[in-house]
Amino acid sequence: MRTKRIRFMALAALLLSCGLAVSGCGDRAELPEKGFVMGVGIDDAGSGQVLVTFQIYKPSQTVASRGKSGTPYVNVRTKDTSVMEAIRDVTIHLGRKAQFSHTRVILVSEKIARKIPVPQLLDIFYRDNEPRLTITLMITKGNASDYFDQRPFIENTVSQQYYLSERSENYFSGKTIGTNLLQLALQLRGESQVGAIPYLALDERITRSEPGVAGLAIIKDGLVTDRFSGQETEGLLMLMSRYTNGIVEIPCARGGSSRGGEEADAEEDGAVPLDEAAEMLRFDSHRSVAFGKDGVKVRYRIRTVVANLELSCTKLGNERLEQAYEDKISAAIRQQMMSAMTRLRQEKADLLGIGNEIYKRDPRLWRKWKPDWPERFAKLDCEIEVETVIATHGTETGNTLLQPIQDERK
């Protein structure tokens, strides 16, 4: 009798544990009651109102089975005097409550970000429990709402395309910075109180209709104050020690270079050689900050390993010529970094976290310097040393394919 009771209790415990393992919605809400927001856009609607755009995914979209053309998402726009009220107004148009647990990007137009502090526009996304702090942020040229009307190339939604573009651009080319809700909060809560957000714009150089993520917007006192282009961002990421991969362009001498014969005549007619390029395989940065009565001095020691992948005007026939080319690459890298530093000093924007470092090492001195730190940062002394090593010339030798022909002419 006792054995049967033990077996019964064990069976009951097993059934109870199986019931607890069954998944379900913690808030007792059914999927048809929610609209999963993939992207959010915030624009200035005038008269003290904000225009909020929501790109909502349609999970039940089965275009192929129905034999119809369509998109797996819908864009809903609402307008109100607060972002929260605009979010709740989604139910008026959609019949579902907006769900932000799968949101990929938040786009904020540059126009409104120059008038209303970005932290104020994003406050609801920090306080609500649904949005993840890993949501990617972007500043847009023009209305953020217009960017959701673009059709994605490969992804199901253009929100996912923007999200992946920012990650790929940051990692493979270094022409933008990766910033999410958490990273922006850490930047603006730091002692320097300066942040950076990726910049999204239509490519005016080609079609003017294909949006691309390149460059960044500087945030000071919560507002957008300046913008870096994609080319300038590379040098900035090097200063921030956040540069991972990219291409270094080495300019050829314009006029009277090492070329001769017909090529020299072509240059006189207006043709110029293309810039040479090397791929960054490794970027090691060491920064030291010294400060005292004379001010602040920052010193960078950079060591890079590159792959020589495109030549147009340089000869690499021996060790001496290769060393000269390495020095040329180092000079190009140093120029990028110094240009970015000059821009930061002009804007008095300590995006490098130097103020944070001073605060950690000498809090008493920082309390004295903090009120006029932007002016002190503008006078900052910077020294940059770059050492470059060419690891490979690719599948070819050091010279270009045209080099033997040039040698024969001589």
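Taken together, the values in this text are just the output of simple stated rules run on the coordinates, not laboratory data. Computed from a predicted structure; not experimentally measured. With ideal geometry, Cβ positions are generated from the backbone for all residues, glycine too; neighbour counts draw on all protein chains shown.
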- By the scheme Lys and Arg +1, Asp and Glu -1, what is the net charge of all other residues having a beta-carbon under 11 Å from that of K379? 0
- Note on the structure: Given backbone amide H placed at 1.01 Å from N, residues whose amide H is under 5 Å from that of S82, ignoring those fewer than 5 places away on the same chain, are V50
- Tell me, in nm to one decimal, what length is gained between Q323 and R114 on full extension, where the rule is 0.36 nm per residue of separation less the Cα-Cα distance? 70.5 nm
- Task: Using Cα positions and a limit of under 22 Å, work out the lysines in reach of K34, with same-chain residues fewer than 8 apart set aside.
- Result: K58, K79, K97
- Quick one: which residues, 5+ away or cross-chain, put their amide H under 5 Å from the amide H of E387? H built at 1.01 Å from N. I302, R303, T304
- If each K or R counts +1 and each D or E counts -1, the residues other than E276 whose Cβ falls under 12 Å of its Cβ total -2
- So if R0 is 30 Å, what FRET efficiency would E383 and V305 give, r being the distance between their Cβ atoms, rounded to the nearest 0.05? 0.85
- Compute the length gained on full extension between A290 and A13: take 0.36 nm times their separation in residues and subtract their Cα-Cα distance, giving the result in nm to one decimal. 93.1 nm
- Linear extension gain, R151 paired with Q335, 0.36 nm per residue minus alpha-carbon span: 62.4 nm
- Cβ under 14 Å from D43's Cβ, D43 left aside: what net charge do those residues give with Lys, Arg +1 and Asp, Glu -1? +1
- Task: List the lysines whose Cα lies under 26 Å from the Cα of K348, skipping any in the same chain that are fewer than 8 positions away.
- Result: K111, K115, K141, K175, K220, K293, K297, K360, K368, K370, K379
- Item | T176, T53 arranged by Cβ crowding within 10 Å, fewest neighbours leading | T53, T176
- Can you figure out the FRET efficiency of T91 with R227, using R₀ = 41 Å and their beta-carbon distance, to the nearest 0.05? 0.65
- Using θ = phi - 60° and the Karplus curve 6.51 cos²θ - 1.76 cosθ + 1.60, what whole-Hz ³J(HN,Hα) does each residue of region 362-377 get, with Gly and Pro shown as x? 8, x, 5, 5, 5, 4, 6, 8, 4, x, 10, 4, x, 5, 5, 5
- Item | Karplus-derived 3J(HN,Hα), 6.51/-1.76/1.60, for each residue of region 150-163, Hz, glycine and proline x | 6, 8, x, 6, 10, 5, 6, 10, 6, 4, 5, 5, 5, 4
- Query: What ³J(HN,Hα) values, in whole Hz, does the Karplus curve 6.51 cos²θ - 1.76 cosθ + 1.60 give for region 106-119 when θ = phi - 60°, with x put for Gly and Pro?
  - Reply: 10, 9, 10, 5, 4, 4, 6, 6, 8, 10, 10, x, 4, x
